[in-house]
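Reading through the structure tokens given below for one structure.
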Amino acid sequence: MAKENAGRRDEWGTPKELFKTLDREFGFVLDVAANRHNRKCARYFGPDHPVAANRDGLAAPWAPHTCWLNPPFSDLAPWLSKAWRESKKGATVVALVPGDTSTRWWAEHAMRAQEIRFLIGSRVEFIPPPDIKASSNTGPTTLLVYRPMLKRTRPITVYWSWWDDVAGLDRQREPDRTPARERLHRSTC
């Protein structure tokens, strides 16, 4: 059973608490790598979409929308390359990816993002497809934020204790909206 489930890792969805927190910040319009069971936006691209033109997220245009991307972890490079290209056309893309800085895809694609958020404080527990029993995430997870910008710079790196912001949703308080650079500076002073 574990081996069978491992082959379907690309179908696991984003936890609603994490997405809800990010959606409040970014206001997502389009989920670009989903299916009808794990989509996070009303508009999505995925293999089971009823409209044929919306079945291939890599072929469809994303710009000028604000896009959520939980790409297939088995083949990240084409999705992150597309995120970067679409940001140059006006899209904002937030991608949830493994936090593995030792890989080729990281060196080639993650460093093109304007912001890298290392998620700390709690592992992201992805949602399995309906017919699979849950198991936990064993690795670190990172957000890459690709924004439309005229001039490309080095990415801003942030260590985000995302679970604190999720807990804030339960308490009906606003998450800390202090710019990441100021939060990081405050924590080191």
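Derivation of every value follows stated rules applied to the coordinates shown; laboratory data play no part. No experiment lies behind these values; they were computed from the predicted model shown. Because the Cβ atoms are built from the backbone with ideal geometry, glycine has one as well, and the counts that use them run over all protein chains shown.
Structure summary
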{"quantity": "Amide H contacts of D31 (H built 1.01 Å from N, under 5 Å, at least 5 apart or other chain)", "calculated": "C41, R43, Y44, F45, W68"}
{"quantity": "Net charge contributed by nearby residues that have their C-beta within less than 10 Å of D48 (K/R +1, D/E -1)", "calculated": "+3"}
{"quantity": "Highest to lowest packing among 48-56, 11-19, 65-73, scored as the average C-beta count within 10 Å", "calculated": "65-73, 11-19, 48-56"}
